[in-house]
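The values are calculated or read from the model by the stated rules, or taken from the named source; none is laboratory data. Quick caveat: nothing in here was measured; it's all calculated off a predicted structure. Cβ sites come from the backbone with ideal geometry, for glycine too, and all protein chains shown count toward neighbours. Areas reflect the complete protein model, heavy atoms only, side chains present, ligands, DNA and RNA absent. Shrake-Rupley method; radii C 1.70, N 1.55, O 1.52, S 1.80 Å.
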There are 2 protein chains.
Amino acid sequence: MMDDSEWFVEPAPKAGCSIGLRIRRKLDSVDSPFQKIEIFETEDFGKLMAIDGCIMLTERDHFIYHEMLVHPALMTHPDPSRIVIVGGGDGGTLTETVKHPSVKRVVQVEIDRAVTDLSLRHFPEFVEALGDPRASLVFEDAIRWIERAPEASIDVLLIDSTDPIGPAEGLFETRFYETCRSRLGPDGILALQSESPFLYPHLVRGIHEKLGAAGFRNRRLFPFPQPTYPSGTWSVTLASAETPLDVFRSIQAKPLLGPLRYYAPALHRSLLTGLPVLFADLRSSA
Amino acid sequence: MMDDSEWFVEPAPKAGCSIGLRIRRKLDSVDSPFQKIEIFETEDFGKLMAIDGCIMLTERDHFIYHEMLVHPALMTHPDPSRIVIVGGGDGGTLTETVKHPSVKRVVQVEIDRAVTDLSLRHFPEFVEALGDPRASLVFEDAIRWIERAPEASIDVLLIDSTDPIGPAEGLFETRFYETCRSRLGPDGILALQSESPFLYPHLVRGIHEKLGAAGFRNRRLFPFPQPTYPSGTWSVTLASAETPLDVFRSIQAKPLLGPLRYYAPALHRSLLTGLPVLFADLRSSA
């Protein structure tokens, strides 16, 4: 059934399924102190960045993930000005963040400089945001950086991490969530990539429980399609100690953000009111 | 990266991506006069039925597709009593259809008896519906069957076909849609599987245009996750000549249908009001 062409195949850990992308050639490969980062040219999905054999992003579909990690959180905070991105070295999350005019300062804390170096070389669409005068690029362990950050100094914290295996493991622990909560201001919102709710419902539930234990009273699951991630469905979770997550600045979204390709205020509203049974069961609280 | 275990891999035609499922063993295989039908036991997705190398259904995720093909259409029709299923030989669509107490008669017109035979042998969850006293199983070319059906004799017509290549090609043509329209009653609704709106937007657009040309003034796209179909996102399209598709019998859904695993009235409503930009662009009319 497979022809002779070359495929990049990623088997999902312990899930018995895999995703493949037909590739033309490998463009780049770096063994950093943290991980192996590869860039491929695919046949139909544009360029592909893979880390340790896992698809991180493709030119064709990354916009869904990046728009959903950033816009629901920033449209829910009443006045998001001070933003911190944990991970996200490729610059995709930063690119969506700087579309918000309320943002005065955004710090991207990525452990691995090689991710950003490769992204600058191969993904020109992120170059502008990575050089935005409001953006600071910090290359160090985000857990340590967050610990040093002053209390209540962050409006929105976006966790754009790899999976909870390897370097990102500590980013999925109650202790880290507690530190995040204390560094967020009173209206503060945390948004994190929360894996596939179809393949790993136990993982999503675990994340929501740990967030609750860390004092994030409100949690909301936002599922979305991501064709090149395992199962084709992924999720972002929003969490807050106080700020209600079931309302957002809906009328401001369009004039503020300009044309987007996935996020729209009507979509945001529909995800608050009408999740499928399968995922609604995972949503832990208002 | 792949280990030694066996995988069933389906490359999506002309789309440069593939889906794989880890399998334990092949359970059955039939070369019918129409196609090759295989049954596998997978590691994590239960049993798998494949036709000509394409994943048709797995025990783990078929409920999403079947619930979305049936319930939006039957909740939109004011009193769905006479139902026809085109294709759907496995019995999954029938299983969801007979959950509606308004249904008096449902005819399943499948070209290939071997599909139903294999389903009865391997998917016990469909056996009850395939023997429902309201159900008739007809094994012949649905195009001919529909041509012989009296005018205005059908309330809801559900097209549960394979892809528009091979035996199902004629089910995606304007001429067939015209015949369907004339066999539907005045409140009639057509629902059809309309492929991946992410991978094949041109195909979805083509289907909607042909439906329009065939007199279906109203069309609505319902996207949903389907982890084992190419891209992980699939769609159903509802079409009608007269019946509005933006309202449905929402308060009746829960008591009527009992517990479902994907469809819910709130989800139905959210899909009418808040599609992502990416798919909203494909929705052709109210």
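Residues with beta-carbon under 12 Å from that of B:C17, excluding B:C17: net charge, scoring Lys, Arg +1 and Asp, Glu -1?
Values: positive: A:R22, A:R60, B:K14; negative: A:E10, A:E43, A:D44, A:D61, B:E10.
Its environment carries a net charge of -2.
Skipping prolines and chain starts, which residues have an amide H placed within reach, meaning under 5 Å, of the one on B:S194, given they are 5 or more residues away or on another chain?
B:S235, B:V236, B:T237
B:K210: which lysines have alpha carbons under 23 Å from its alpha carbon, excluding same-chain residues fewer than 8 sequence positions away?
Partners found: B:K14.
Would you calculate the volume per residue, in Å³, of the smallest convex hull containing every Cα atom of the stretch A:132-195? List each step's numbers first, then the result.
Working: hull volume 6.6 nm³, N = 64.
Output value, Cα hull per residue: 103 Å³.
Using θ = phi - 60° and the Karplus relation 6.51 cos²θ - 1.76 cosθ + 1.60, list the HN-Hα couplings for the stretch B:45-61 in order, rounded to whole Hz, with x at every Gly or Pro.
10, x, 6, 10, 9, 10, 10, 6, x, 9, 5, 8, 7, 10, 4, 6, 10
Report ³J(HN,Hα) in whole Hz for each residue of the stretch B:123-136, in order, from the Karplus equation J = 6.51 cos²θ - 1.76 cosθ + 1.60 where θ = phi - 60°; Gly and Pro get x.
Karplus-based 3J(HN,Hα) across the stretch B:123-136 equals 10, x, 5, 9, 4, 4, 5, 5, x, 4, x, 7, 9, 10 Hz.
Can you compute log10 of I(q)/I(0) for the stretch B:6-58 with the Debye formula, treating each Cα as one identical point scatterer, at q = 0.19, 0.32 Å⁻¹?
Taken in order of the listed q values, log10 I(q)/I(0) reads -0.62, -1.26.
For the protein assembly as shown, give the share of DSSP beta bridges that are antiparallel, in percent and rounded to the nearest 5; count only bridges with both residues there.
Working: 73 of 113 bridges.
Bridges in the protein assembly as shown are about 65 percent antiparallel.
Which whole number gives the average, over all residues in B:8-17, of C-beta atoms from other chains lying within 10 Å of the residue C-beta? All intermediate terms of the calculation are to be shown ahead of the outcome.
Values: counts 2, 6, 3, 7, 4, 0, 2, 6, 12, 15.
Taking the mean over all residues of the peptide, I get 6.
Just checking the output field for B:217-227: average partner chain Cβ neighbours within 10 Å of each residue's Cβ?
Counting Cβ atoms of other protein chains within 10 Å of each residue's Cβ and averaging gives 3.
Tell me the relative contact order for chain A as a rounded percent, counting alpha carbon contacts under 8 Å between residues six or more apart. If you can, show how the numbers build up before the last one.
Numbers: 580 pairs, mean separation 47.7, N = 286.
Worked out over chain A, it gives 17 percent.
Return the percentage of antiparallel bridges among DSSP beta bridges fully within chain A, rounded to the nearest 5 %. Before the final figure, lay out the partial values.
On the way: 34 of 54 bridges.
Expressed as a percentage, antiparallel bridges in chain A total about 65.
Taking H as built 1.01 Å from N, whose amide H comes closer than 5 Å to the amide H of A:V107, not counting residues under 5 places away?
A:I83, A:V84, A:I85, A:S136
What dipole magnitude, in Debye to the nearest 20, does chain B give about its Cα centre under +1 on Lys/Arg Cβ and -1 on Asp/Glu Cβ?
Roughly 920 debye for chain B.
Scattering from the C-alpha atoms of the protein assembly as shown alone, worked out with Debye: what is log10 I(q)/I(0) at q = 0.07, 0.12 1/Å?
These q points yield log10 I(q)/I(0) values of -0.42, -1.17.
For the pair A:E169 and B:R105, what calculated FRET efficiency results from E = 1/(1 + (r/R0)^6), where r is the Cβ-Cβ distance and R0 = 51 Å, to the nearest 0.05?
Computed FRET efficiency for B:R105 and A:E169 comes out at 0.35.
Keeping all protein chains in place and using 1.4 angstrom, which order do A:F248, B:F45 fall into by accessible surface area, from largest down?
A:F248, B:F45
Go through the stretch A:63-69 residue by residue and turn each phi into a ³J(HN,Hα) via Karplus (6.51, -1.76, 1.60, θ = phi - 60°); whole Hz please, and just put x for glycine and proline.
These are the phi-based 3J(HN,Hα) values: 4, 4, 4, 5, 5, 6, 6 Hz.
Which residues' amide hydrogens lie under 5 Å from the amide hydrogen of A:A12, considering only partners 5 or more residues apart or on another chain, with H built in the peptide plane?
Sorted by chain and number, the residues that satisfy this are A:C17, A:S18, A:I19.
What length, rounded to one decimal in nm, is gained on full extension from A:R144 through to A:K36, with 0.36 nm per residue of separation minus their alpha-carbon distance?
36.6 nm is the gain from fully extending A:R144 to A:K36.
What translational diffusion coefficient, to the nearest whole µm²/s, does the stretch B:71-201 have by Stokes-Einstein, given a Kirkwood radius computed over alpha-carbon pairs, a temperature of 10 °C and 1.306 mPa s viscosity?
D, rounded to a whole number, is 106 µm²/s.
Would you work out the relative contact order for the stretch B:6-58, in percent, from Cα pairs under 8 angstrom that are 6 or more residues apart?
That works out to 25 percent.
Relative contact order of the stretch B:136-212: what whole-number percent is it, with Cα pairs under 8 angstrom and at least 6 residues apart?
34 percent
When chain B is modelled as a GNM with alpha-carbon springs shorter than 10 Å, which of B:R220, B:R60, B:R148 fluctuates the most?
Fluctuation is largest for B:R148.
Under a crude label model (7 Å from the Cα following the beta-carbon direction), how far is B:L120 from B:L203 in nanometres?
Each label point is offset 7 Å from its Cα along the Cβ direction, giving 3.1 nm.
Which one of A:S270, A:S182, A:S136 has the biggest mean-square fluctuation once chain A is modelled by GNM with Cα springs under 10 Å?
With Cα springs under 10 Å in chain A, the top fluctuation among A:S270, A:S182, A:S136 is at A:S270.
Would you list which lysines come within 24 Å of A:K99, measuring only between C-alpha atoms, while excluding same-chain residues fewer than 8 positions from it?
A:K47, A:K254
Based on alpha-carbon atoms only, what is the radius of gyration of the stretch B:62-280 relative to the globular estimate 2.2 N^0.38 Å?
0.93
Stretched out fully, how many nm does the piece from B:D52 to B:T179 gain, at 0.36 nm a residue minus the Cα gap?
42.9 nm
How crowded by other chains is A:40-47, given as the mean number of beta carbons from other chains within 10 Å of each beta carbon? Let's see the in-between values first.
Details: counts 0, 0, 2, 4, 6, 3, 0, 0.
Across A:40-47, the average partner-chain Cβ count within 10 Å equals 2.
Only bridges with both residues in the stretch A:155-286 count here: give the DSSP antiparallel percent, nearest 5. Can you show the working numbers first?
Working: 12 of 16 bridges.
Once the DSSP bridges in the stretch A:155-286 are tallied, antiparallel ones form about 75 percent.
Along its principal axes, what span do the Cα atoms of the stretch B:167-251 show, with the longest given first and each in whole Å?
On the principal axes, the stretch B:167-251 reaches 37, 36, 19 Å in Cα extent.
Give the separation of the Cα centroids, the stretch A:89-124 to the stretch B:31-82, in Å.
Spelled out, the Cα-based centre of one part sits 42 Å from the other.
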